[in-house]
Amino acid sequence: MVAVGDEISVEVARRIALDAQGFGEARPGGRADVRGLRKAIDWAGVLQLDSVNVLCRSHYLPVFARVGDYARTTLDRISWGDGRELFEYFWGHKAALLPLSYYPLLRWRMRAAERQVWNQELSPDVTAPWSVVAGMRRLSAERPEYVDQVRAIVTEKGPLTAGEASPDGVRRKRTDADPDPTTGRMWNWQDAKIAIEYLFCTGQVTIAGRRNFERVYDLTERVLPADVLSAPEPTADEARRELIRIAARGLGVATAKDLCGAGQGHFTLPTATARQVIGELVEAGNLIPVRVEGITQQSYRWHEAKDRLINARALLSPFDPLIWNRDRTHHLFDFFYRISIYTPAPQRTHGYYVLPFLLGDRLVARVDLKSDRQTATLVVPILTPEPNTPDPTQPLAAELHLMAAWLGLNHIKVTATSPLGRSVARAVAV
């Protein structure tokens with residue numbers, strides 16, 4: 001298919017993308033309040049969760065990137081506390097925190113999972129992790145009453161962890177053979193975990209909180225507000241259109257894969273379904289076909305997206321919605337980025353937990369960061385500038401000071417030996 005629409009330069013597309021994610025707005029002067037957090041979450045659209053805690057949990061970082069200093073306890077409260085405003089689900093991109101207003105839009109996915117007959121072909125509307133799919137195929141055949149037993153325990157004793165939901169307390173040892181090698185050792189869950197994650201997938205239970213970042217489950221009606229659960233449920237077609245509208249508003253300008261491609265978009269849809277929904281939104285005037293310089297695929301601009309001057313300064317989580325799509329990041333920023341936490345140490349080029357540094361409308365450096373909590377120190381082991389970009393020394397030093405204070409760390413230690421590392425070390429010491 002030949003791309004249609006007016007052509008826009010990659011610089012314009014980049015500014016549109018940054019503005020859509022909130023980087024066209026100035027940060028508040030002091031500590032952001034809950035209203036600031038709501039704005040940041042609305043811009044991001046999705047806060048992806050990840051267990052790596054070498055710096056801090058990833059879902060905190062996109063909010064910090066957009067509003068600067070804020071209380072992480074406030075995000076915890078609106079995520080898992082009384083008066084919650086967010087809920088967990090997969091896949092809102094990946095396992096993620098989403099605004100409660102999205103909940104009715106995902107009910108069709110939950111119902112599809114509930115209807116799924118696991119020994120048959122998987123419905124394209126079911127987006128459960130493969131561990132759930134493979135596990136439910138096995139449990140459905142070997143232990144057909146098991147899921148109901150787990151649900152009964154949650155009903156009686158919840159909230160509880162997956163391990164606490166086991167009907168018989170039997171757990172496989174690490175030395176035991178994997179019951180399903182297709183999932184791999186890391187994701188070859190205990191049967192109780194498979195069952196409770198299936199119940200989570202279908203909306204029967206949800207995440208009541210986190211205990212040392214481990215999920216704590218309870219019946220959905222005991223966790224989410226009644227008005228959310230009783231809200232009118234859109235049809236699957238209506239929900240898909242609204243989910244792509246959300247993605248398009250958050251991306252500004254994007255291809256179909258960017259909007260809803262597997263592993264790339266906010267909310268994954270099958271290709272044929274996505275093509276149909278995008279066509280409907282083009283016809284409705286929500287999406288405007290454009291051609292982006294250097295991108296051969298058809299792109300679409302959100303009808304309210306703005307191209308304006310960007311004067312941002314932010315350290316970006318590897319899972320920030322602005323950059324989680326590595327191909328899009330490469331196209332828009334000329335920045336080839338891959339996370340290194342799964343790369344063997346001798347093969348790492350830029351460090352372990354590397355945050356791109358956004359300055360103006362460019363990604364100008366790669367900053368390896370970790371929190372040494374014993375010494376209350378923000379450590380910068382490796383610092384790598386991007387070629388042909390402005391010297392980021394002073395703004396990066398200022399951002400490191402802001403991050404250290406936000407994380408409650410009293411010191412900054414730059415051990416990076418690159419010329420930029422030595423320059424930033426001098427700047428943070430002043």
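The values are calculated or read from the model by the stated rules, or taken from the named source; none is laboratory data. The structure presented is a predicted model; accordingly, all values stated were derived computationally and were not measured. Every residue, glycine among them, receives a Cβ derived from its backbone with ideal geometry; neighbour counts consider all protein chains shown. When the accessible area is computed, the model is the full protein with side chains, heavy atoms only, and any ligands, DNA or RNA have been set aside. Shrake-Rupley method; radii C 1.70, N 1.55, O 1.52, S 1.80 Å.
In this structure, is Glu197 within 26 Å of Leu269 (Cα to Cα), surrounded by 20 or more Cβ atoms within 10 Å (Cβ to Cβ), of a type in the set (Asp, Glu) and in contact (Cβ under 8 Å) with a residue 24 or more places away in the chain? Give the steps one after another, and end with the answer.
Details: within 26 Å of Leu269 (Cα to Cα): yes; surrounded by 20 or more Cβ atoms within 10 Å (Cβ to Cβ): yes; of a type in the set (Asp, Glu): yes; in contact (Cβ under 8 Å) with a residue 24 or more places away in the chain: yes.
When the stated conditions are applied, Glu197 passes them.
Anything in region 120-162 that is outside any helix (DSSP H, G or I) and either under 17 Å from Asp191 (Cα atoms) or in contact with a strand residue (DSSP E or B) (Cβ under 8 Å, 6 or more places away or on another chain) (or both)? List them, or say none.
Quick first cut of region 120-162, residues outside any helix (DSSP H, G or I) only: 120-129, 143-145, 158-162.
Thr127, Ala128, Pro129, Arg143, Pro144, Glu145, Gly158, Pro159, Leu160, Thr161, Ala162, listed by residue number.
Does Asp320 count as in a loop (DSSP other than H, G, I, E, B), crowded, with 20+ Cβ neighbours inside 10 Å and of a type in the set (D, E, K, R)? Spell out how you get there, then give the answer.
Working: in a loop (DSSP other than H, G, I, E, B): yes; crowded, with 20+ Cβ neighbours inside 10 Å: yes; of a type in the set (D, E, K, R): yes.
Yes: the conditions hold for Asp320.
Taking the criterion of being surrounded by 20 or more Cβ atoms within 10 Å (Cβ to Cβ) and in a loop (DSSP other than H, G, I, E, B), would at least one residue in region 223-243 satisfy it?
Yes: one or more hits.
Mind checking whether some residue in region 72-88 is at pLDDT 95 or above, out of contact with any Asp or Glu (no Cβ under 9 Å at 6 or more places or on another chain), of a type in the set (S, T, N, Q) and not in a loop (DSSP other than H, G, I, E, B)?
yes
Scan region 407-422 for residues that are of a type outside the set (Lys, Arg), open to solvent by 30 Å² or more (accessible area, probe 1.4 Å) and assigned to a helix (DSSP H, G or I) and report the count.
1
Counting just the residues of region 268-317 that are in a helix (DSSP H, G or I) and open to solvent by less than 10 Å² (accessible area, probe 1.4 Å), which one comes out farthest from Ser51 (Cα to Cα)? Outline the logic, then answer.
To start, the set of residues in region 268-317 that are in a helix (DSSP H, G or I) comprises 271-283.
If we keep only those that are open to solvent by less than 10 Å² (accessible area, probe 1.4 Å) as well, we get 274, 277-278, 281.
On the way: Ala274: 30, Val277: 34, Ile278: 34, Leu281: 36 Å.
It comes out as Leu281.
Pairs please, first residue from region 305-333 and within 16 Å of Thr255 (Cβ to Cβ) and among the polar types (S, T, N, Q), second anywhere and in a loop (DSSP other than H, G, I, E, B) and open to solvent by 10 Å² or more (accessible area, probe 1.4 Å), Cβ atoms under 8 Å, 6+ apart in sequence or on different chains.
Pairs found: Asn325/Gln264.
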